[in-house]
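Taking it in order: structure first as structure tokens, then the write-up.
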Amino acid sequence: MTQRLTTDQLRSFLEAAAGDVEGVDDENAFLDSDFDSLGYDSLALLETGSQIERLLGVRLADEVLSESPTPRALLAAVNGDQARDQVA
């Protein structure tokens, strides 16, 4: 069984890449805010994608990061069967 990415793991990766989110303590507010409003740019998302790949041992499709506007969307894409391939 493949490990699933959790909200806490995703938030930790984002914070390591670009710092803490200020004023968004509620989990649903965090999950449903777009990355730009949370202060995460494309570089932070690329670093987060690298961390996700290392943690889960999967290769994310190129469009997963660019087409996921919110943390909730990214979690759904990463944890969905169609978003990734196992790394050999």
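The single residue among 3, 9 that is touching a residue at least 12 places away in the same chain (Cβ under 8 Å), under 16 Å from residue 64 (Cβ atoms) and not hydrophobic (A, V, I, L, M, F, W, C) turns out to be 9. It is to be established whether one or more residues within the range 2-17 are at positive phi and either surrounded by 15 or more Cβ atoms within 10 Å (Cβ to Cβ) or not in a strand (DSSP E or B) (or both). Looking through the range 2-17, none of the residues is at positive phi and either surrounded by 15 or more Cβ atoms within 10 Å (Cβ to Cβ) or not in a strand (DSSP E or B) (or both).
Residues of the range 59-79 being of a type in the set (Val, Ile, Thr) and in a helix (DSSP H, G or I), which ones? Hits for the range 59-79 are 64, 78. Taken together, the residues in the range 41-58 that are touching a residue at least 24 places away in the same chain (Cβ under 8 Å), surrounded by fewer than 16 Cβ atoms within 10 Å (Cβ to Cβ) and not in a helix (DSSP H, G or I) amount to 1.
Determine if the range 23-31 includes at least one residue that is surrounded by 12 or more Cβ atoms within 10 Å (Cβ to Cβ), among the charged types (D, E, K, R) and under 12 Å from the mean Cα position of the chain (by Cα). No.
Bear in mind these aren't lab numbers, they're just calculated from the coordinates by the rules spelled out. Note that the structure is a prediction, hence the values are computed from the model and not measured. A quick note on method: Cβ atoms are made from the backbone with ideal geometry, for glycine too, and the neighbour counts reach across all protein chains shown.
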